[in-house]
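Have a look at the structure below, then the notes.
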Amino acid sequence: MKLMWKIIKWFLIVWGAITFIATLFIGGCLFHSATLGNRPTNKLASKHDVRFVLNWCSLGADRIEKVVHSYESARSFTGDHLDGHAIRVTHLDASELVYDEGKGGGGWYRGDALSGVAKDAVDFAAMWLGREEMSWFPTIDEIRSSEMYVYIWNVKYSGTRPNGTQIIFANPTTKMIYYFSAKM
């Protein structure tokens, strides 16, 4: 019986030490991600970092010429953020930027012809535009013009109001693609 208590005692000591070390490690990771490791950055993203933008809207990442601007905000515990990229492409024609009924009502919308979910998403984005961090991003008036095309990738609603969205904007005249992502 004494041997069993000795084994149980050492098992509990080892288990307590492992639990203590794991708690310190997890707590350290959480502390780092909530403080030192969670800062906004204007560091220019690479072509590799932003290729998802052109792939999502079926334009293809092979046309990326240069990432001109980037901004990624810090993340809150619930994922609130503001991110944006400005990407110059080698070629972009308005004939590529079409609304495709075959995609279930998806594809490109002209900026001056937004309605429904697309209008809701752009209205949500308008609340974030004009901030100093992304002063290079098109204004809401530029977005709502006939020169700009809008591709809605994702919109999240709380009730009837968006609380998060991922949108791709394209301007064939300037050969620029803009990516906008925000959640609040």
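Structural remarks
- Filter pass, residue 134 being in contact with a Pro (Cβ under 9 Å, 6 or more places away or on another chain), closer than 20 Å to residue 69 by Cβ, surrounded by 15 or more Cβ atoms within 10 Å (Cβ to Cβ) and assigned by TED's automatic domain parsing to the domain that holds residue 166: no
- Looking only at the range 141-184, and only at residues there that are outside any strand (DSSP E or B) and under 19 Å from the mean Cα position of the chain (by Cα), the one that is nearest to residue 89 (Cα to Cα): 143
- Positions within the range 47-64 being out of contact with any Lys or Arg (no Cβ under 8 Å at 6 or more places or on another chain) and either part of a strand (DSSP E or B) or within 17 Å of residue 165 (Cβ to Cβ) (or both), in sequence order: 52, 53, 56, 57
- In this structure, residue 63 does satisfy being modelled with pLDDT of 90 or more and either farther than 28 Å from residue 184 by Cα or assigned by TED's automatic domain parsing to the domain that holds residue 167 (or both).
- Residue check, residue 45 under 15 Å from residue 168 (Cα atoms) and either surrounded by 14 or more Cβ atoms within 10 Å (Cβ to Cβ) or not assigned by TED's automatic domain parsing to the domain that holds residue 179 (or both): no
- Selected residue [at pLDDT 90 or above and closer than 25 Å to residue 63 by Cβ] from 157, 151: 151
- Note on the range 68-94: residues that are closer than 20 Å to residue 174 by Cα and surrounded by fewer than 20 Cβ atoms within 10 Å (Cβ to Cβ) total 7.
- Residue 125 at pLDDT 90 or above, touching a His at 6+ places or on another chain (Cβ under 6 Å), surrounded by 12 or more Cβ atoms within 10 Å (Cβ to Cβ) and not aromatic (Phe, Trp, Tyr): no
- Of all residues in the range 123-140, exactly one satisfies the criterion of being within 16 Å of residue 73 (Cα to Cα), without any contact (Cβ under 8 Å) to a residue 24 or more places away in the chain and not in a loop (DSSP other than H, G, I, E, B), namely 132.
- Given (1) modelled with pLDDT under 90; (2) within 17 Å of residue 183 (Cα to Cα); (3) not aliphatic (A, V, I, L, M), number of the condition residue 84 does not satisfy: (1)
- Of all residues assigned to the range 163-172, at least one qualifies as being touching a residue at least 12 places away in the same chain (Cβ under 8 Å), assigned by TED's automatic domain parsing to the domain that holds residue 88 and over 21 Å from residue 45 (Cβ atoms).
- Residue that is farthest from residue 149 (Cα to Cα), among those in the range 65-122 that are assigned to a strand (DSSP E or B) and aliphatic (A, V, I, L, M): 82
The values are calculated or read from the model by the stated rules, or taken from the named source; none is laboratory data. Computed from a predicted structure; not experimentally measured. No Cβ is skipped: glycine too gets one built from the backbone with ideal geometry, and neighbour counts run over all protein chains shown.
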